[in-house]
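The values are calculated or read from the model by the stated rules, or taken from the named source; none is laboratory data. As the structure is a computational prediction, the values presented were derived from the model and not from experiment. In this analysis, Cβ positions are derived from the backbone assuming ideal geometry, glycine residues included, and neighbour counts consider all displayed protein chains. Side chains included, ligands, DNA and RNA excluded: accessible areas come from the protein's heavy atoms. Shrake-Rupley method; radii C 1.70, N 1.55, O 1.52, S 1.80 Å.
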Amino acid sequence: MAEVAVTPGIQLPERVEILGFPIDRVTLDETRRLMRDYLASDGTKLILTADSNAYINAATDDGYRRMFREAALITPDSAGPVWALSRLGRPVPGRVSGVDLVECLCQLSAETGARMYFLGSAPGIAELAAKNLAERFPGMVVAGARDGYFSKDDDTRIAQEIAETKPDVLVVAMGMPRQELFILDTAEAIGAKIGIGVGGSLDVHSGTVKRAPKVIQKIKMEWLWRLLLNPKKIAKVRNLPVFYWRVRRSKPL
Ligand code: UDP
């Protein structure tokens with residue numbers, strides 16, 4: 001299995017822990033700089049955009065633990081980790097979300113020619129997201145796109161198809177931890193410089209799911225907005241009070 005490389009010389013952000021699992025104290029600008037470095041270095045770097053749910057599930061699920069262990073960079077994806085970091089005495093200015101990082105990578109692609117592959121979501125969505133993003137970021141290079149509905153037994157075949165398009169950045173939207181484990185397991189075969197799991201971000205960029213209005217984002221209620229639009233997310237939302245309770249009980253770092 002491919003080792004995800006850590007390149008000497010890259011300035012790393014401070015890594016701390018929430019509930020025993022890592023998180024990097026990065027801003028969007030710092031993440032952008034790191035991603036530029038990753039594009040110019042060897043090996044595949046997994047970027048993990050971590051939410052409260054990930055920290056709760058990692059306590060009991062080996063797949064979640066592995067992605068935390070092997071990620072090159074772990075960003076605070078949602079309000080939960082941002083709040084936890086401030087509560088633990090290591091604040092960050094704000095979220096560094098999957099939706100934002102997809103935009104950031106598209107901009108980098110337009111600047112550097114890095115080839116973007118979009119994998120995940122229902123049939124047609126990744127292609128639509130790629131088309132919309134290419135319009136917003138002129139010069140961005142799309143290597144390919146395909147849906148995320150296939151069985152794990154087909155991972156090797158799909159990885160080969162993706163490898164043929166020679167992507168530098170593999171954006172995977174298949175839900176956590178499936179997307180991160182796909183990136184780790186196929187890193188050697190695909191050979192991208194950056195692999196990033198982005199959950200529902202391609203749905204957002206395709207225009208089929210809207211982000212919460214700014215005012216809802218501001219009062220940190222985007223999770224409630226999403227829940228009302230998609231009650232299947234109830235399991236995730238149930239983890240939120242558990243997260244808050246456990247962090248409140250933990251000691252400052
Ligand atoms: N998805 C997929 N393949 C699957 C299951 C889900 O491509 O086998 C997609 C789904 O269509 C959605 C995304 O994965 O676009 C999951 O989004 P969610 O917001 O649930 O991700 P998470 O918050 O778990 O990272």
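The table below gives the values:
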item	result
Where a residue in the stretch 202-215 is in contact (Cβ under 8 Å) with a residue 60 or more places away in the chain and under 12 Å from residue 128 (Cβ atoms) and its partner, wherever it lies, is open to solvent by less than 40 Å² (accessible area, probe 1.4 Å) and assigned to a loop (DSSP other than H, G, I, E, B), with Cβ under 6 Å and at least six apart	202/121; 203/121
All positions within the stretch 106-157 that are under 20 Å from the mean Cα position of the chain (by Cα) and of a type in the set (S, T, N, Q)	107, 109, 121, 132
Among (1) surrounded by 15 or more Cβ atoms within 10 Å (Cβ to Cβ); (2) free of Cβ contacts under 8 Å to residues at least 12 places away in the same chain - the single one residue 223 does not satisfy	(2)
Flag if residue 153 is more than 15 Å from residue 47 (Cβ to Cβ), free of Cβ contacts under 8 Å to residues at least 40 places away in the same chain, among the charged types (D, E, K, R) and within 9 Å of the ligand (Cβ to nearest atom)	no
Residue list for the stretch 64-76, restricted to those being more than 16 Å from residue 195 (Cα to Cα) and in contact with a Lys or Arg (Cβ under 7 Å, 6 or more places away or on another chain)	76
Residue 95 vs. criteria open to solvent by 20 Å² or more (accessible area, probe 1.4 Å) and in contact (Cβ under 8 Å) with a residue 24 or more places away in the chain	no
Qualifying position, being surrounded by 23 or more Cβ atoms within 10 Å (Cβ to Cβ), closer than 30 Å to residue 244 by Cβ, within 13 Å of the ligand (Cβ to nearest atom) and among the hydrophobic types (A, V, I, L, M, F, W, C), among 101, 119	101
Among (1) open to solvent by 20 Å² or more (accessible area, probe 1.4 Å); (2) over 16 Å from the mean Cα position of the chain (by Cα); (3) in contact (Cβ under 8 Å) with a residue 12 or more places away in the chain; (4) more than 10 Å from the ligand (Cβ to nearest atom) - the single one residue 162 does not satisfy	(1)
Candidates 58, 72, 114, 54 - the one that is within 16 Å of the ligand (Cβ to nearest atom) and in contact (Cβ under 8 Å) with a residue 60 or more places away in the chain	54
Top-ranked residue in the stretch 44-75 [being outside any helix (DSSP H, G or I) and of a type in the set (Ser, Thr, Tyr); ranked as farthest from residue 26 (Cα to Cα)]	60
Residue check, residue 85 within 16 Å of the ligand (Cβ to nearest atom), at pLDDT 95 or above and assigned to a helix (DSSP H, G or I)	no
Residue list for the stretch 184-203, filter: more than 9 Å from the ligand (Cβ to nearest atom) and under 21 Å from residue 95 (Cβ atoms)	194, 195, 196
Subset of the stretch 217-253 [touching a strand residue (DSSP E or B) at 6+ places or on another chain (Cβ under 8 Å) and part of a helix (DSSP H, G or I)]	247
